[in-house]
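These notes concern the structure reproduced below.
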Amino acid sequence: NERKSKWGLKTRVMVLPLVNLCAKEVVSDHSSSPGWLCCVPRELYRPLLEAAFTNCRPLAVGELVQRWPERTLRAGGRRQGQSPPNRLCVQALLLAVVRGLSDKR
């Protein structure tokens, strides 16, 4: 469903970059995370996690993974020319997964 805005731009093309830009801003301030983590819609977890990885925010990665709303979590897959994920972010993801597994036993 694509509509043209009054400037002639296709809105569908603009929505995803806008979500990504907002996600980047949200994960950039760790002190505000208790305020937004309690009310994040499930469809925003993936863009937030991607923004946390892309912008090297390991604390946000860990908190998002601990509260992951889906039964499965898929991580990885780089685009061509993209640098490998930050080591601290990968460690935060793994620690959060292990914590989640041990909490559910």
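What follows is calculated from the coordinates using simple rules that are stated; it is not laboratory data. This one's a predicted model, so the numbers in the text were calculated from it and none came from an experiment. Neighbour counts are summed over all protein chains in view; Cβ atoms, including those assigned to glycine, are modelled from backbone coordinates with ideal geometry.
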* To do: Order these peptides, 25-31, 90-96, by their mean beta-carbon neighbour count within 10 angstrom, highest first.
  => 90-96, 25-31
* Taking the C-alpha atoms of segment 11-103, how large are the radius of gyration and the largest Cα-Cα span, Dmax, in Å? -> 13.1, 43
* Asked: Along the Cα-to-C-beta direction of L95, a point sits 7 Å from the Cα; which residues of segment 56-71 have their amide N less than 17 Å from that point?
  -> 56-68
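Just to confirm the filter: which GluC sites (Glu not before Pro) across segment 27-105 are DSSP coil and have at most 14 other Cβ within 10 angstrom of their Cβ?
E70
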* Structure fact -> For segment 19-53 the chymotrypsin sites (Phe, Trp or Tyr not before Pro) that pass both the DSSP coil test and the at-most-15 other-Cβ-within-10 Å test are none
